[in-house]
Each structure stands twice: as C-alpha cells, then as structure tokens.
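**Student:** Before anything else, here's the structure in question.
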Amino acid sequence: MQASCDLPAACPSPDAFSATPAENTTVPHSSASCTTCHHVISKITSVVDNKVVEQAIEKTVKSTVCPTLGSMELACDLLVPKLVPEVIDEVVGVLKKDGCAPFCHKAEVHPFEAAALCGLCESVVIKAHDEASSKDFKADVSALAGRLCDALGSGLKAECQAIVAISLPVAEQKLVDFLSDEQAVCTSAHLCD
C-alpha cells in the first residue's frame, strides 16, 4: 500500500491505525476490544474502498504484474479494471461482515486464515475465467488488437492482422484454459494448499 500513498487522497491519516492490531489473538473478547476492532476496520475500509486507491492498485498491477505474464499481458491489462473493484468489494465485504469476529464472538473464525484467502483467490479466478470466456471480453481484445494493428501503419497492418487472426484465438483459449482450474492457479500463487 506504500505506493498508493504517493497520492494524498489515498493516504491514511497518521492516527488511522492507532488501535491494537488484529493479529493479537490474546485480546479478551470484551466490548472494548470489539469496539476498537470495528473502529480500525472502519478506518481500513475507508482507505481501501475509494476510487483513488482503486486506480492506484490497478496501475500497480498493470505495471508490475501484467508485464510478467508474457503473451497473457494484454488479457491481464483488460481484466485488471474489471477485477480490482470486485476484489476490493469482496475484501471490504469480508472485513465488514467478519473482520472483528475474534474480538466480538468467541465461536467465529477470523476471515484471513488460509482457507479464507484460498476461497477469495478461487472466487477471483472463477470471475476472471467467466470474464475471459465472455463474448464481450473477446470483442474487447479483438478491438484492441485491431487498434494496435492500425497504429502500425499501412506497411505492417496486413501482417499484424494476419498474426492476430491466427494467434489471438489461441491466446484467448490458453487464458481460458489456464483460468479453468482455480485450485491449480491459487495453489501456484501459494494461496491454497
């Protein structure tokens, strides 16, 4: 989150995280610890759940993650603006719903245990698979490839279009195939066992 603090509106105030950290599982289940937890969760969600932070996360993912995907970089660039808001909504929803469970209810389990992260990863991969399989996504990729070929000028446009016509369906299918096994994707990302 450090990179997003280059943008003043995305930076938390100095006292935003002054309460006891949630990692301390020895905190008694009192109304004071529950209230403090809800205050901290409120501060975290107000920082994370805003457009400036969302745009900073998208920019960071596009500049650091997508280029490492080789032939899938274009697909990554197209998926990021659709998936980042969904992931943020999911995280904020979990935080608001269950984030203070260890401090407020003895029987509930904290949402950021390994199983919860694995489930979140799998949900994101399933949504990415559905998006990559959609006609809209394929049309967006095709339109983007067409614009790239147009930008090359008349000398290379025909060759570019021929390469796109052959390779784009293969690349799209590889992306869909890769995303079809959410367990394998999340295991390789070390978010699932």
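**Student:** What residue, among those in segment 108-133 that are modelled with pLDDT of 85 or more and open to solvent by 70 Å² or more (accessible area, probe 1.4 Å), is farthest from the chain's Cα centre (by Cα)?
**Tutor:** Across segment 108-133, the extreme among qualifying residues is ASP130.
**Student:** With the condition being of a type in the set (Asp, Glu) and open to solvent by 40 Å² or more (accessible area, probe 1.4 Å), I'd like the helices (runs of 4 or more DSSP H) fully within segment 134-193 carrying at least 2 qualifying residues.
**Tutor:** Correct list: 135-151, 154-179.
**Student:** Another question about this same structure. Does LYS96 count as at pLDDT 80 or above, in a helix (DSSP H, G or I) and surrounded by 14 or more Cβ atoms within 10 Å (Cβ to Cβ)?
**Tutor:** No: the conditions fail for LYS96.
**Student:** Right, SER71: small (Gly, Ala, Ser) and closer than 15 Å to ALA171 by Cα or not?
**Tutor:** Yes: the conditions hold for SER71.
The values are calculated or read from the model by the stated rules, or taken from the named source; none is laboratory data. Here the structure is a predicted model, which means the values were calculated and not measured. Ideal geometry is used to build each Cβ from the backbone, glycine not excepted, and the neighbour counts take in all protein chains shown. For accessibility, only protein heavy atoms count, side chains too; no ligands or nucleic acids. Shrake-Rupley method; radii C 1.70, N 1.55, O 1.52, S 1.80 Å.
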